[in-house]
1. Against the conditions (1) at pLDDT below 75; (2) among the polar types (S, T, N, Q); (3) in contact with a strand residue (DSSP E or B) (Cβ under 9 Å, 6 or more places away or on another chain), where does residue 238 fall short? Just the number, please.
2. Within region 38-64, track down each residue that is β-branched (Val, Ile, Thr) and either within 11 Å of residue 109 (Cα to Cα) or in contact (Cβ under 8 Å) with a residue 12 or more places away in the chain (or both).
3. Can you pull out every residue in region 222-260 that is part of a helix (DSSP H, G or I), of a type in the set (Lys, Arg) and within 23 Å of the chain's Cα centre (by Cα)?
4. Return only the number of the condition from (1) over 15 Å from residue 22 (Cβ atoms); (2) modelled with pLDDT under 95 that residue 92 does not satisfy.
5. State all residues of region 1-26 that are more than 19 Å from residue 115 (Cβ to Cβ) and crowded, with 22+ Cβ neighbours inside 10 Å; if no residue qualifies, say none.
6. For a quick check of your reading of the model, give me the residue pairs whose first member lies in region 160-176 and is within 16 Å of residue 146 (Cα to Cα), whose second is of a type in the set (Gly, Ala, Ser) and surrounded by fewer than 24 Cβ atoms within 10 Å (Cβ to Cβ), with beta-carbon atoms closer than 6 Å and at least 6 apart or on different chains.
7. Taking helices (runs of 4 or more DSSP H) that do not extend beyond region 84-169, which have at least 1 residues that are in contact with a Pro (Cβ under 7 Å, 6 or more places away or on another chain) and surrounded by 14 or more Cβ atoms within 10 Å (Cβ to Cβ)?
Amino acid sequence: MFVGYMFTAALSGFTMMAYIANSSYVLQELKGVEPMPFALFFAFTALAQVLLSVVNARIVGRFQPRGLIGFGLILASVAVAALTVGVLAFDTPLLLTCAGFLVLMAVQAFIFGNASALAAGEARHVAGAAFAVIGVVLAVAMATFAPLASSGGSTTAVPMIWVMIVGVAGSLFAYLVVARPSIDLNALSCVVPADPELLPSAADARAREHGITKAKSSLATELHRLREIGATADGAVSDADPMTAIRKALAQRRFDEIILSTLPPGVSRWLARDLPRRVRRRTGVPLTVITAPSGEAERA
């Protein structure tokens, strides 16, 4: 998984570096665009990536990072296909070429950050070394293929197209095959929200510590029960707000289903806040709600 996501980012970088290395030849030399319009267009493509990076950061809690990578790769593939047709069949038309460059550059915002984060998440015990390896691979890949992309100079854009095709095809292969999540039907991950009355607003440090200790005890008990029946289980104490805790968990990993355990109606604050409907609407992940028997004393 680490290698798959790392190469998803690195190979997708081929397409961006092909644009950066060769866009001046294509637009200025082949199509006759003046320096100032070219500079403005180049700046606009960079700005588009920055803006989509902000969008990605705001929605990554609602959508799984892997899904955002897939969305970015689909758009990148469409852009490369359009550029390929334009270069090989229509003598590199200006509007189509600019549109392809813009989309290709912008959608890297959904690919680079998410793929790198998921790769590092697969090596949390050596996260620093993992990011170093990712950085080296990205640098070597881009430094190697940028000269190849610009080898056609002002004569032809075909080498650029081949680098883009290799990059997007390789990135799709790494994403779909190498980084394909393995499915373990017995694997579970528990998220235990801390006591909302004790965290995070409690002024008393002892009260905050008590809330954390209580949540950790509940988590340890549930993990022990699950492992006793043969399940592969892990977990963490998370935010006091259950919706926030679920979003944080989804931002880190892919889950096939969410199981929400609550107290009975009339007792459960989660049911009173219509949490199951909110989870279904905001996550898109299949949800099963398990309600405790009447008389349960613990708060949900």
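1. Unmet condition: (1).
2. 45, 50, 54, 55, 60
3. 247, 248, listed by residue number.
4. In the conditions (1) over 15 Å from residue 22 (Cβ atoms); (2) modelled with pLDDT under 95, residue 92 misses (1) alone.
5. 22, 23, 26
6. Listed by first residue and then by second, the contacts come to 168/77.
7. Because the criterion is at least 1 residues that are in contact with a Pro (Cβ under 7 Å, 6 or more places away or on another chain) and surrounded by 14 or more Cβ atoms within 10 Å (Cβ to Cβ), the helices (runs of 4 or more DSSP H) in region 84-169 that meet it are 108-121, 127-149.
Okay, residues lined up against (1) more than 23 Å from residue 24 (Cβ to Cβ); (2) modelled with pLDDT under 85:
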| residue | (1), (2) |
| --- | --- |
| 119 | yes, no |
| 130 | yes, yes |
| 133 | yes, no |
| 144 | no, yes |
| 149 | no, no |
| 154 | no, yes |
| 158 | no, no |
| 164 | no, no |
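The values are calculated or read from the model by the stated rules, or taken from the named source; none is laboratory data. Note that the structure is a prediction, hence the values are computed from the model and not measured. Every residue, glycine among them, receives a Cβ derived from its backbone with ideal geometry; neighbour counts consider all protein chains shown.
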